[in-house]
1. Have a look at Arg116, Arg111 and point out the one that is out of contact with any Lys or Arg (no Cβ under 8 Å at 6 or more places or on another chain) and of a type in the set (Lys, Arg).
2. Which fully enclosed strands (runs of 3 or more DSSP E) of segment 1-110 have 1 or more residues being without any contact (Cβ under 8 Å) to a residue 40 or more places away in the chain, more than 28 Å from Val208 (Cβ to Cβ) and over 17 Å from the mean Cα position of the chain (by Cα)?
3. Name the single residue, out of those in segment 55-107 being polar (S, T, N, Q) and surrounded by 16 or more Cβ atoms within 10 Å (Cβ to Cβ), that is nearest to Leu34 (Cα to Cα).
4. Is it true that Phe228 is part of a loop (DSSP other than H, G, I, E, B) and of a type in the set (Phe, Trp, Tyr)?
5. What number of residues within segment 179-206 satisfy the criterion of being assigned to a helix (DSSP H, G or I) and surrounded by 13 or more Cβ atoms within 10 Å (Cβ to Cβ)?
6. Residues in segment 137-154: is at least one surrounded by 19 or more Cβ atoms within 10 Å (Cβ to Cβ), at negative phi and not in a strand (DSSP E or B)?
7. Read through the list (1) touching a strand residue (DSSP E or B) at 6+ places or on another chain (Cβ under 7 Å); (2) surrounded by fewer than 17 Cβ atoms within 10 Å (Cβ to Cβ); (3) of a type in the set (A, V, I, L, M), then give the number of the only condition that Ala176 fails.
8. Restricting the first residue to segment 215-234 and requiring it to be under 15 Å from Val153 (Cα atoms) and at pLDDT 95 or above, which pairs with a second residue that is assigned to a helix (DSSP H, G or I) and of a type in the set (S, T, N, Q) meet a Cβ separation below 7 Å and a spacing of at least six or different chains?
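The values are calculated or read from the model by the stated rules, or taken from the named source; none is laboratory data. Note that the structure is predicted; figures quoted are calculated from it, not measured. Note: ideal-geometry Cβ built from the backbone for every residue, glycine included; neighbour counts use all protein chains shown.
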Amino acid sequence: MTSSAFETAKPDSVTYLDRLATSDLGRSYKRRMLDVLDLHPGHTVLDLGCGPGTDLEALAQAVTPAGTVIGIDHDQDMVDAARTRATGQAVVDVRHADIHDLSMADGTADRARTDRVLQHVADPPAALDEIRRVLRPGGRLVMGEPDWETLAVDHPDSNLTRAYTRHVAERVVRNAGIGRQLARLATESGFTVPEVIPVTPVFRDLRVADKILGLERTTRRAVEAGYFSDQEAEAWLSRLSQGPFFAAVTFYIVVAEA
């Protein structure tokens with residue numbers, strides 16, 4: 001069930017996040033998120049789910065030495081990596097905390113961002129309530145999330161495609177439809193939502209897509225979960241590796257104001 005076209009060894013989390021951030025896709029959507037975050041010198045901005053600190057430098061440059069960047073992550077290894085990367089940046093403070101309980105005073109921040117975080121959290125509405133609490137009146141939250149139920153992979157056998165995408169939506173990602181839900185959930189938490197920006201990356205290079213989607217590894221998990229037989233998985237991967245390849249998924253950037 002393997003081919004040299006696919007990456008079979010799962011990269012560690014830091015490597016994966018860095019890889020995405022430096023890809024054409026990552027640079028493009030992150031720049032768009034930064035633009036609509038509308039940071040100004042002196043702002044306090046929260047990077048919620050900051051991971052290894054990929055975006056902290058860009059945020060620090062935007063708020064200037066007059067501002068403050070607070071990176072928060074629940075994973076201590078990510079916090080350690082982010083603190084190392086932030087060495088020498090006096091405006092950056094990296095903290096170990098849970099997005100559902102930020103342990104900050106009300107109205108602490110001018111801006112906040114989440115980048116592919118809410119798809120993984122246990123309780124997105126509770127997280128949004130907490131983010132709104134710590135934002136000042138008029139503060140802005142910018143969220144970027146994929147809607148994995150929009151994942152489209154071209155294959156001659158549509159039944160295999162449906163099995164693969166169902167597995168991703170039902171078993172791989174905790175909140176697979178979060179992208180389409182964000183505007184509603186933010187409104188229910190008391191935000192106003194002035195803008196929703198859909199971004200639909202299209203992958204036509206199998207190797208580029210595989211570095212983001214982990215196609216062979218995800219297929220192996222689908223077999224273990226009963227979505228594919230071994231024979232179906234072989235047919236699925238074999239055809240993908242022969243090409244031509246096409247896949248797409250919709251990513252939503254949602255602007256919410258407190």
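1. Details: Arg111 fails: out of contact with any Lys or Arg (no Cβ under 8 Å at 6 or more places or on another chain).
From the options Arg116, Arg111, the qualifying one is Arg116.
2. On the way: elements: 44-48, 68-73, 92-96.
Fully inside segment 1-110 and qualifying: 68-73, 92-96.
3. The initial filter retains those residues of segment 55-107 that are polar (S, T, N, Q), namely 61, 64, 68, 76, 84, 87, 89, 103.
Now restrict to residues that are surrounded by 16 or more Cβ atoms within 10 Å (Cβ to Cβ): 68, 89.
Values: Thr68: 15, Gln89: 19 Å.
Of everything passing the filter in segment 55-107, Thr68 is nearest to Leu34 (Cα to Cα).
4. Yes, satisfied.
5. At the first step, the residues of segment 179-206 found to be assigned to a helix (DSSP H, G or I) are 179-188, 206.
Narrowing further to those that are surrounded by 13 or more Cβ atoms within 10 Å (Cβ to Cβ): 179-183, 185-187, 206.
Selection size over segment 179-206: 9.
6. Taking segment 137-154 first, the residues surrounded by 19 or more Cβ atoms within 10 Å (Cβ to Cβ) are 139-148, 150-151, 153.
Filter once more, so that each one left must be at negative phi: 139-148, 150-151, 153.
Among the residues that remain, those that are also not in a strand (DSSP E or B) are: none.
No: segment 137-154 contains no residue that is surrounded by 19 or more Cβ atoms within 10 Å (Cβ to Cβ), at negative phi and not in a strand (DSSP E or B).
7. (2)
8. Partner pairs satisfying both residue conditions: Ala233/Thr219.
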